[in-house]
1. Could you work out how far apart the two model spin labels at R369 and A424 are, taking each label as a point 7 Å from the Cα in the direction of the beta carbon, and quote it in nm?
2. What ranking do 50-56, 206-212, 365-371, 238-244 get when scored by the average of other Cβ atoms within 10 Å per residue, highest first?
3. Quick one: length gained pulling A170 to K272 fully straight, 0.36 nm per residue minus the C-alpha distance?
4. For W166, what residues show an amide H to amide H distance below 5 Å, using hydrogens built from the backbone and excluding near sequence neighbours?
5. Rank by packing, highest mean first: peptides 128-138, 37-47, with packing defined as the count of other Cβ atoms within 10 Å averaged across residues.
6. Is the shape of the stretch 161-220 rounded, prolate or oblate, going by the alpha carbon gyration tensor and its root eigenvalues a ≥ b ≥ c, with a/c under 1.5 for rounded and a/b larger than b/c for prolate?
7. Calculate, for R184 and E157, the FRET efficiency according to 1/(1 + (r/R0)^6) with r their C-beta to C-beta distance and R0 51 Å; round to the nearest 0.05.
8. Go through (1) -0.82, -0.99; (2) -0.52, -0.80; (3) -0.45, -0.71 and flag the label whose value is the computed log10 I(q)/I(0) by the Debye sum over Cα atoms at q = 0.08, 0.10 Å⁻¹ for this structure.
Amino acid sequence: MFRCRPPFPFPSRSAFVTAFLLVLTVSVPAWGKAVCSLDGVSLPDGRQQMFYSARSVPRGQSCAAVGQPRQCNGGVLTGTEQFRYGRCTELEEFLGVNVNRKPGNLDPDLLARTGTVWIRANVEILEYKRQDESGKRNPDWDFGDWQTYIAAAAGTERKAILNLMWNFRARNLRPPKPGSKRERALFDYLDRKILDLLAPNVDILVTGNEPFINTRPEDWQYDPAYGGAPIVVFYKRVTEHVQAYLEEKGLREQVDLYLGAFTGLHLDRMQKQPAVRELLAWAEVASFVDGVDMHTHVVSVRQIEKALTFVRSFTSKPVTVTEFTFVWRMKQAVERGDRLGAAFATRWGRDPNRTIGDYMACEVFGVARGCEGKGPVSKAEWDDFFATRDWYIDHFILKAEEVFRKYGVRGSTFGLVQTRPTRAQMAPDRAPWYMGFLFVPVAVAPGPDGRPQPNYQYLDDFLAVQRARTGASVH
């Protein structure tokens with residue numbers, strides 16, 4: 001029997017997941033005419049619609065090539081069973097920029113220099129709710145910064161991603177129980193204060209942001225009071241709630257609804273975690289979930305491929321990767337006390353035996369004790385530092401994007417601009433996020449034109465990918 005091969009590799013799965021993917025049902029309304037239902041599409045008797053053998057196809061391919069018209073005849077769909085998806089996306093393979101919880105960093109000049117169409121940020125719901133209820137404002141979480149996000153997202157040429165972040169773990173809170181007063185209050189705040197303002201400006205809305213980091217591990221386990229694992233129950237319910245909100249506000253055709261962002265999926269312990277597997281399986285069969293979002297912070301590019309292999313074993317829907325770095329490889333180098341080395345140190349008048357962590361904290365950022373007033377360094381010194389590190393992954397963005405294309409990733413976003421780390425954030429046991437951005441205005445002195453300088457390799461590679469990107473159409 002001929003089988004249409006998907007446009008990206010799928011590892012084999014157990015039969016129960018394959019059978020679980022989609023169910024064709026037949027219903028008979030009161031007037032006696034059968035209706036065919038498949039993948040969230042209901043067709044009255046005698047009506048025809050295009051169905052597809054894949055949910056998405058790579059850039060350069062057409063959904064029409066994997067489509068087949070199927071008609072409802074007496075409660076039975078004509079055509080071939082493999083054409084079972086009601087929607088197909090022609091993937092634009094976008095590469096955008098990410099500012100995480102700092103929407104005020106969406107500087108128009110920096111955006112113009114990247115040539116990107118896509119922007120991404122995440123909003124920490126519980127923090128803004130706490131500020132509103134206490135009346136005490138935190139300048140690090142200025143809700144006014146979201147006007148910058150709205151301005152950046154405005155116009156037909158810009159597209160925006162928003163992740164909803166629920167950091168229960170930081171407050172030692174459990175997710176609210178389903179149907180509880182606390183859940184109703186939280187969803188009401190989400191609607192009035194967050195979605196009413198931001199949803200009209202969004203193209204992809206992700207109902208979480210690193211849920212397995214932001215939820216306590218004990219809430220990953222089954223709890224009879226929740227009727228399931230609290231993390232699973234909450235993210236299903238908030239996704240269903242946002243779906244209903246978008247429908248009510250007339251935004252559903254504009255906004256794609258994604259579940260995520262899943263993290264650490266290259267790790268065996270996360271791949272074996274029942275709550276991870278349940279959420280991914282649910283995302284595949286929930287017809288209103290348009291795709292899955294993930295973050296790939298890794299030690300090697302091979303780990304990105306391992307994570308995507310796992311995700312693709314659960315879902316054929318579009319996937320986005322809204323954060324990707326090799327920050328854990330950088331952290332390993334800092335933790336083991338790697339030294340500057342003679343070649344680099346001689347060129348820049350540094351101590352060759354100084355650890356790279358001390359060098360960054362003192363000479364580059366000037367946050368270590370006794371180093372006040374030092375930094376930034378020159379662009380040439382900054383670039384030479386990374387060029388002389390044996391742990392640095394050359395052309396990381398290009399290598400990651402090659403993997404993304406292989407697995408049919410719809411799009412990805414990369415950190416736009418560096419912010420000043422605190423002394424605590426420079427500790428050897430902390431992840432050195434400060435190294436991995438397109439622009440490095442804190443570490444590197446401004447250019448001759450007074451504008452922020454680009455990071456080593458990243459912007460050049462970002463622009464090389466960007467030039468190859470095209471738009472998408474949805475059928």
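1. With each label placed 7 Å out from Cα toward Cβ, I get 1.7 nm.
2. Ranked from most to least packed, the peptides come out as 206-212, 50-56, 238-244, 365-371.
3. In short, 34.3 nm is gained.
4. Under 5 Å from the amide H of W166 lie the amide H atoms of N209, each far enough along the sequence or on another chain.
5. So the order, starting with the most tightly packed, is 37-47, 128-138.
6. Cα axes put the stretch 161-220 in the oblate bin.
7. Result of the calculation: an efficiency of 0.85.
8. Calculated log10 I(q)/I(0) by the Debye sum over Cα atoms at q = 0.08, 0.10 Å⁻¹: the matching label is (2).
FYI, it's all coordinate maths here, none of it is from the lab. The shown structure was predicted, so the numbers you read here are calculated from the model rather than taken from an experiment. Note: ideal-geometry Cβ built from the backbone for every residue, glycine included; neighbour counts use all protein chains shown.
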